[in-house]
1. Looking at region 205-221, can you tell me whether even one residue there is under 19 Å from GLY74 (Cβ atoms), modelled with pLDDT under 85, open to solvent by less than 30 Å² (accessible area, probe 1.4 Å) and touching an Asp or Glu at 6+ places or on another chain (Cβ under 6 Å)?
2. Among the numbered criteria (1) more than 26 Å from VAL323 (Cβ to Cβ); (2) at pLDDT 95 or above, which one does TYR75 miss?
3. Scan region 249-266 and tell me whether some residue there is of a type in the set (Gly, Ala, Ser), buried (at least 22 other Cβ atoms within 10 Å of the Cβ) and outside any strand (DSSP E or B).
4. One residue is enough: does region 93-116 have a residue meeting the conditions surrounded by fewer than 21 Cβ atoms within 10 Å (Cβ to Cβ), more than 20 Å from the chain's Cα centre (by Cα), among the hydroxyl-bearing types (Ser, Thr, Tyr) and not in a strand (DSSP E or B)?
5. Give the residues of region 136-187 that are assigned to a helix (DSSP H, G or I), touching a residue at least 60 places away in the same chain (Cβ under 8 Å) and in contact with a strand residue (DSSP E or B) (Cβ under 8 Å, 6 or more places away or on another chain), sorted by residue number.
6. Inside region 117-160, can you point out the residues that are under 17 Å from PRO54 (Cβ atoms), among the hydrophobic types (A, V, I, L, M, F, W, C) and buried (at least 24 other Cβ atoms within 10 Å of the Cβ)?
7. Got a number for residues in region 293-309 being farther than 22 Å from ARG168 by Cβ, open to solvent by less than 40 Å² (accessible area, probe 1.4 Å) and part of a loop (DSSP other than H, G, I, E, B)?
8. Which ones in region 118-135 are of a type outside the set (A, V, I, L, M, F, W, C) and not in a strand (DSSP E or B)?
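The values are calculated or read from the model by the stated rules, or taken from the named source; none is laboratory data. Just so we're clear, the structure is a prediction, and the values are computed from it rather than from any experiment. When we count neighbours, we look across all protein chains shown, and the Cβ atoms used for this are built from the backbone with ideal geometry, even at glycine. Accessible surface areas use protein heavy atoms only, side chains included; no ligands, DNA or RNA. Shrake-Rupley method; radii C 1.70, N 1.55, O 1.52, S 1.80 Å.
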Amino acid sequence: MKHDDGLALQQARGFRESSRRSFLIGSAAATLVTADLAFTRVIQSQREQTRILPLDDDRARARFPNDRWVLFPGYKTSWEEGLWILNSLRPTLSRRAQMAVMGYSNRGLDINNIVATMNRYVENFRLERLYFYGHSFGGMVAVEVAARLRDRGIPVELVLLDSSPSSRFDVQDQRMFDGVVLLYEAGVRVPISVRGTYELGERIVHKNERSWSQIVDQTLEQLSPLAPSSELIQSESSYIYHFDVTRFRLSLGDTKVVFTGSPDDGVVNYRTARAGWERELPDNIVSVDYVTEGALPAHASPQWNPGIYQGIISAVQRDYVPVPRGGGWKRIS
């Protein structure tokens, strides 16, 4: 009996110590989660307004005070990643203009707001020449913004489409994409806490064009407090779903449009996207022949493959963007 009592006391002591450890570990984990959520809310609130983020370059500033390359980031691309992408292209883009990134509001993608922000930016810096870089779905946004700015008397000289879909039908993983849009338009918002699982699943679907280290990196990016909000991501999906390039066929004037991408792209169907842009913008497309051969991931990845993309941009600028020699357009009142 005494043996049983001693054993019971020993088990009770062990349980108490185990419970204390579990409590302390659980408390620490809860504290970290709470702190992360609080930090996330602060970061997200600071990004409620659409902003244009400059990438400083002293030489470009001195040579091209009134000219800008503006990068329109792709799907689920944070402000920081947008700047990283732009910086990877800096050696070539800076030969024609200063550089900036369009930072989308975390309240959701609002084209009217983006156009108004771009218009103010042009006026504030008295810009004379604009060149747009459309990163993935950002190419859709760049084309619409270019068309609407021209209506205000602000022509864009060139839009470079990097693996950009011409319509929702160019998206490879159609079922997953349609599901995201359906939830968004039904009023369902994906909590940040479950985004990591969704991201991991989506990345693995396209594992053939990504290394496992890239899959892990890109999944963790979406769990970072710096990541775009779920509201922004879902609204981007809805924008892609409803995008109709034919609305801009007669609105781009003499803006040149160049498409580049990879036949190995597992996110956007290279062949249908290439054909779609060429078919729908016949007066503006000047080339669809640049190929990001050898890039991995194959889809819109200048930050991972700067050498490949810089070579293409050098050729595009040489052929379609002559070095400015003064003058420029003036705003039409």
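1. Yes, because at least one residue in region 205-221 is under 19 Å from GLY74 (Cβ atoms), modelled with pLDDT under 85, open to solvent by less than 30 Å² (accessible area, probe 1.4 Å) and touching an Asp or Glu at 6+ places or on another chain (Cβ under 6 Å).
2. (2)
3. Yes, region 249-266 contains at least one residue that is of a type in the set (Gly, Ala, Ser), buried (at least 22 other Cβ atoms within 10 Å of the Cβ) and outside any strand (DSSP E or B).
4. Scanning region 93-116 turns up at least one residue that is surrounded by fewer than 21 Cβ atoms within 10 Å (Cβ to Cβ), more than 20 Å from the chain's Cα centre (by Cα), among the hydroxyl-bearing types (Ser, Thr, Tyr) and not in a strand (DSSP E or B).
5. Within region 136-187, GLY138, GLY139, MET140, VAL141, ALA142, VAL143, VAL145, ALA146, ASP170, PHE177 qualify.
6. MET118, LEU130, PHE132
7. 4
8. ASN119, ARG120, TYR121, GLU123, ASN124, ARG126, GLU128
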